[in-house]
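I have placed the structure first, in the form of structure tokens, so that the comments after it can refer back to it.
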Amino acid sequence: MMEELKQRIRREGIVIMNGEILKVDSFIDHQIDTGLMQKIGENFLEHFRGLGIADKITKIITIEASGIAVAVVVGMFLGKPIIFARKKIPVTLIEKLYTRKIISPTKNNEVELVISSKFLSRDDSVYILDDFLASGTTSIALIDMVRESGAKVLGVGAIIENAFQGGRNKIKEKYPEIDVYGVVSIKSMKESGEIEFV
């Protein structure tokens with residue numbers, strides 16, 4: 001696990017919502033530390049190479065807006081395009097759409113995820129990236145959307161995995177063949193600020 005990221009989380013992360021949410025807006029989710037993001041991208045690339053899938057990934061999928069930064073960095077390292085699922089359907093999306101409705105874990109309201117069919121095909125092998133993996137709801141919705149297109153999902157990765165929220169297990173129950181990876185994985189958090197890593 002990436003020690004520098006752990007130290008930043010310990011130093012600058014703020015635990016809120018009774019120990020359920022980790023606020024990392026000073027370096028990942030609002031203000032982005034580009035040097036750290038580059039190292040996170042390198043960590044993902046090393047993981048992909050270790051699995052032998054770096055050359056198999058044709059596209060990176062993420063969700064707006066917090067997943068875009070890590071997806072762009074990893075996409076640049078791989079030389080592959082990224083697709084980000086929209087949270088609203090713009091008038092410009094006139095082609096067939098893949099959609100799923102989910103409850104946003106941070107906004108606590110219903111969101112409709114949307115990806116245009118013109119960007120995915122049966123020839124694609126994608127890796128899904130996001131800032132957090134928590135309950136797995138968003139990741140499973142994205143996996144389902146990608147699979148509806150006929151494309152293959154190689155895995156799901158997150159900068160920070162909240163292991164105590166069970167997302168990894170939910171993904172693996174439904175899709176055991178899919179790789180699930182967190183650059184760092186959190187075992188527990190307390191609102192007092194105490195964070196225990198796996």
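The values are calculated or read from the model by the stated rules, or taken from the named source; none is laboratory data. Everything numeric here is computed off the predicted structure, so don't read it as measured data. Every residue, glycine among them, receives a Cβ derived from its backbone with ideal geometry; neighbour counts consider all protein chains shown. Just so you know, the surface numbers come from the protein's heavy atoms only, side chains and all, with ligands and any DNA or RNA stripped out. Shrake-Rupley method; radii C 1.70, N 1.55, O 1.52, S 1.80 Å.
Of note:
- With respect to the conditions (1) open to solvent by 40 Å² or more (accessible area, probe 1.4 Å); (2) under 21 Å from Met17 (Cα atoms); (3) in a strand (DSSP E or B); (4) hydroxyl-bearing (Ser, Thr, Tyr), Ser192 falls short on a single one, namely (3).
- Pairing residues of region 101-116 that are at pLDDT below 85 with residues that are part of a strand (DSSP E or B), at Cβ distances under 6 Å and at least 6 apart in sequence or on separate chains, gives Ile103/Glu110; Ser104/Val111.
- Single unsatisfied condition, Glu20 versus (1) over 15 Å from Val184 (Cα atoms); (2) out of contact with any Asp or Glu (no Cβ under 8 Å at 6 or more places or on another chain); (3) modelled with pLDDT of 95 or more: (3)
- Members of region 32-63 found to be surrounded by 15 or more Cβ atoms within 10 Å (Cβ to Cβ) and part of a loop (DSSP other than H, G, I, E, B), listed by number: Ile32, Asp33, Ile53, Ala54, Ile57, Thr58
- Test set (1) loosely packed, with under 12 Cβ neighbours inside 10 Å; (2) assigned to a helix (DSSP H, G or I) - Met76 fails condition number: (1)
- When Lys23 is tested against (1) surrounded by 13 or more Cβ atoms within 10 Å (Cβ to Cβ); (2) without any contact (Cβ under 8 Å) to a residue 24 or more places away in the chain; (3) under 27 Å from Val146 (Cα atoms), only condition (3) is not met.
- Residue check for Ile89: out of contact with any Gly (no Cβ under 8 Å at 6 or more places or on another chain), open to solvent by 50 Å² or more (accessible area, probe 1.4 Å) and of a type in the set (A, V, I, L, M): yes
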